[in-house]
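Report on the following structure.
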Amino acid sequence: MAFEDSFDELDQMLLAKSTDYEKMRATVLKMRQTHELARMLGPALDNLYASIAHGHRKALAYLEAGDIEAAKREMAGAVSWLVRRFQGLSPLALSKVPKVVEELREANQLAERSEVLREALKTQSYDIHAP
């Protein structure tokens, strides 16, 4: 990870009693940028994890109530959200999220067999705040 690498790099320079202050400043700047990115991602990750749990909880409630079709629609909505979120990204952007790319490939394959997913991909908007 970049943050740990930067710490290690700075630590090595300090241990070697380096006088390359420009390189040290550049390393500290990289650490600040990484820290800022992590700080901004905190709330986004909170929302992401909560939305995942929310969708699974709703699907589980539908299954426990015996409403398999509603559970299928809920899960299809979650998958369609992922597809919509990442469709149209450049190959460069997608190269940074290989696990998402794999899930997109799997979602497209599943859509070939799943009518409910095909329908969700056409029409459904997935709102994590919906009741």
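Values in this text are rule-based calculations from the coordinates and carry no lab data. Everything numeric in this text was worked out from a predicted model, so none of it was measured. No Cβ is skipped: glycine too gets one built from the backbone with ideal geometry, and neighbour counts run over all protein chains shown.
Here Arg85 clears all of (1) among the basic types (Lys, Arg); (2) closer than 30 Å to Glu106 by Cβ; (3) surrounded by 13 or more Cβ atoms within 10 Å (Cβ to Cβ) except the condition numbered (3).
For Glu74, state whether it is without any contact (Cβ under 8 Å) to a residue 40 or more places away in the chain, assigned to a helix (DSSP H, G or I), under 30 Å from Leu14 (Cα atoms) and within 20 Å of the chain's Cα centre (by Cα).
Judged against the criteria, Glu74 is not a match.
Answer yes if at least one residue in the stretch 92-107 is in contact (Cβ under 8 Å) with a residue 12 or more places away in the chain, in a helix (DSSP H, G or I) and over 13 Å from the mean Cα position of the chain (by Cα), and no otherwise. Looking through the stretch 92-107, at least one residue is in contact (Cβ under 8 Å) with a residue 12 or more places away in the chain, in a helix (DSSP H, G or I) and over 13 Å from the mean Cα position of the chain (by Cα). Residues in the stretch 29-56 that are closer than 23 Å to Ser6 by Cα and among the polar types (S, T, N, Q) were compared, and the one that is surrounded by the fewest Cβ atoms within 10 Å (Cβ to Cβ) is Gln33. Within the stretch 69-79, does at least one residue satisfy the condition of being surrounded by fewer than 14 Cβ atoms within 10 Å (Cβ to Cβ) and either in contact with a His (Cβ under 8 Å, 6 or more places away or on another chain) or among the aliphatic types (A, V, I, L, M) (or both)? Within the stretch 69-79, none of the residues are surrounded by fewer than 14 Cβ atoms within 10 Å (Cβ to Cβ) and either in contact with a His (Cβ under 8 Å, 6 or more places away or on another chain) or among the aliphatic types (A, V, I, L, M) (or both). The single condition among (1) under 20 Å from Thr123 (Cβ atoms); (2) part of a loop (DSSP other than H, G, I, E, B); (3) touching a helix residue (DSSP H, G or I) at 6+ places or on another chain (Cβ under 9 Å) that Gly88 does not meet is (3).
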